[in-house]
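Step one of this worksheet: look at the structure below.
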Amino acid sequence: MKLQSAPNQVQLPKLLPAPAAPAAPAAPAQAPAAPGDQIQLQQAPAAEPAPEPGTLQRLKTAFFKEKRVEGKDTEGSPFMKLMFAGVCASGAWCAAKVIADIAGAPSLGAALTTGALSAGALAGGYVLADLPSGLLHHWADNYAKPDAKIGLVRKFAQQAQRHHFYPGKLGHYSVSYWAFPLSTVAWAPLVGAAAMGAPAPVLAGAIGLIGGMSVYGKFHQWSHMNQKEVPAHGKLLQKVGMAIDPRAHGVHHRMPWNSDYCIVSGALNKPLNAINFWPRYEKAIYKITGAKPDSWNVPEYKDFVDGKISKEEYIARSREMMKNFRATEMPARKEKWGIDASDYDKKPAPVSAPAPADPAQPVASNEPVDFSGPRPAHRVVKKLARGGAAVVGAAGLATIGFDLVSSGSLEAGLAKAAVTALGTGAAIVGMDLASGVWHHKGDNYGKHAQTLKHTKWHTNTQDSDYCLIGLSNKALDKIGFWPKWEKAIYNATGAEPVAWKVEPYKNFALGKISEEQLSEDLAKMGMPK
């Protein structure tokens, strides 16, 4: 059989000749086939394995890629953590300057006034952080485009749109992950304000504003988690109104999703709703740019925005409006953002039987504990914490030098330097205490807390050494801080720490046995002295 040869067959003559074929019936005479026209039945060459990434590429991936571990919060990449640590260190420096300004006031009255103004500015900045969180949320819901040129923008907007269809699938991520990419620039205004010598209330307001904006994602995550999974400190923040309450945020997830956009504390939602802020904001954006929000695709809501119907009438029409919304707008949004292709639309895999418990991880109180093995290290987090402390310390030393050089007299320079040194030291100790609380929480509370196999090293007569910088550990251990802290959390929320799986330690923390009795009981269980 003869086939027309294709241009890319010019290399075929180099192949081995085909085996002889049986004689075919006579056919009309024609020109003999050229060797290049013979088709060889030969396997295609195996695909070459992908080249191994180079050292530079591996380092780049390790530095910029977040860490995903099954059953735990997705951790931010080292770069995300570094940026977030920079924000924390900058905030600590501003806090040190605030303390220094208060302590350096010329009189007690001036100190009290500065302190009161700073406290008010801190609270005001934190409440105000609700507004940028709402503006960002509103943009993602109404103005974002699926074909945005920046990949990070596309990803964020699609996640926000998908979230309305699957609010329980928000995911669990670390604070540094949620704070990114804001944390890449948030340190700049803090450092700038501190370096330019802004007044204490201004610095305090900046701390509250940027601090609130940095945690909005984590607070939003808590509002969608099962309350049994929310850590004890998260429940406490929700209870006192510092973190968005799940029931309050639920108003936003009632279709058509056009109110209650603020997700830090939620404190601004009611005032903004009372003045019809979002409809007026949308009209202003339309007049300036001509851009229409997706919320205007609902005719009833558009009539309300245009003043054709009252808010009461708009609410009265809601039941019928929801029918149309489900039939038209919801499918349109899914198609626009490709949400039907999401894994969330797939049926869940059958649940397999739970794996048997690991005998090395005690699940019942007073079960024998293996205290052998190396003490767990926290090298990376300790380096980050101590690096942040070093940044604050260096900034404090630079400020002290500036105070000494720029002051009119040696006495005045020394006085300013002493106050700055006091403030810097207080900021570093504050960072140390915060790292201890964070470390203790990670070991003892929440769905992703460490196991007793890790926590056992802190479970001694003082449950000690949680502070990562290390300056506060001895003082806290001396007063038995962590057992008292655990008891306070238990009394406030009912949450028990992992460390209480050791029955003698739990009894000591609750005041049922003495420290001497605890030492004897732990020695019998095998804890090294």
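Some points to look at:
- Using the Karplus relation 6.51 cos²θ - 1.76 cosθ + 1.60 with θ = phi - 60°, the per-residue 3J(HN,Hα) values for the range 81-95 come to 5, 5, 5, 5, 4, x, 5, 4, 5, 5, x, 5, 5, 4, 4 Hz, with x marking Gly and Pro.
- Residues whose amide H lies under 5 Å from that of residue 74, counting only those 5 or more places away or on a different chain, are 172, 173, 174; hydrogens are built 1.01 Å from N in the peptide plane.
- Note on residue 111 and residue 273: the model spin-label points, each 7 Å out from Cα along the C-beta direction, lie 4.5 nm apart.
- Pairwise FRET efficiency - residue 228 versus residue 434, Cβ, R0 = 25 Å, nearest 0.05: 0.45
- When peptides 120-127, 197-204, 501-508 are sorted by average Cβ neighbour count within 10 Å, with the highest value leading, the order is 501-508, 197-204, 120-127.
- The stretch between residue 165 and residue 520, if pulled fully straight at 0.36 nm per residue, gains 122.2 nm over its current Cα-Cα span.
- Think of a 1.4 Å ball rolled over the protein heavy atoms: the range 136-243 then has 44 Å² of accessible area per residue.
- Protection proxy ranking of 332-339, 176-183 - average other beta-carbon atoms within 10 Å, highest first: 176-183, 332-339
- Residue pairs, from the table 72/169; 441/487; 484/506; 72/382; 501/524, whose Cα atoms sit over 19 Å apart: 72/382
- For a straight C-alpha distance cut-off of 19 angstrom, the lysines reachable from residue 270 (same-chain residues fewer than eight places away being disregarded) are 239, 311.
- Solvent exposure of the range 263-309 as accessible area per residue, Å², 1.4 Å probe: 53
- For the range 75-212, the fraction of 1.4 Å probe accessible surface lying on carbon and sulfur atoms is 74 percent.
- A straight Cα-to-Cα reach below 19 Å connects residue 292 with the lysines 145, 283, 302, 308, 334, 336, residues fewer than 8 places away in its own chain not being considered.
- Here the calculated FRET efficiency for residue 308 and residue 251, from their Cβ-Cβ distance with R0 = 22 Å, stands at 0.40, rounded to the nearest 0.05.
- Overall form of the range 113-228 per C-alpha gyration tensor (a/c, 1.5; a/b vs b/c): prolate
The values are calculated or read from the model by the stated rules, or taken from the named source; none is laboratory data. What you are looking at is a predicted structure, and each value in this text was computed from that prediction instead of being measured. Please note: Cβ atoms are built from the backbone with ideal geometry, for glycine as well, and neighbour counts cover all protein chains shown. Heads up: the accessible areas ignore ligands, DNA and RNA and are worked out on the full protein's heavy atoms, side chains in. Shrake-Rupley method; radii C 1.70, N 1.55, O 1.52, S 1.80 Å.
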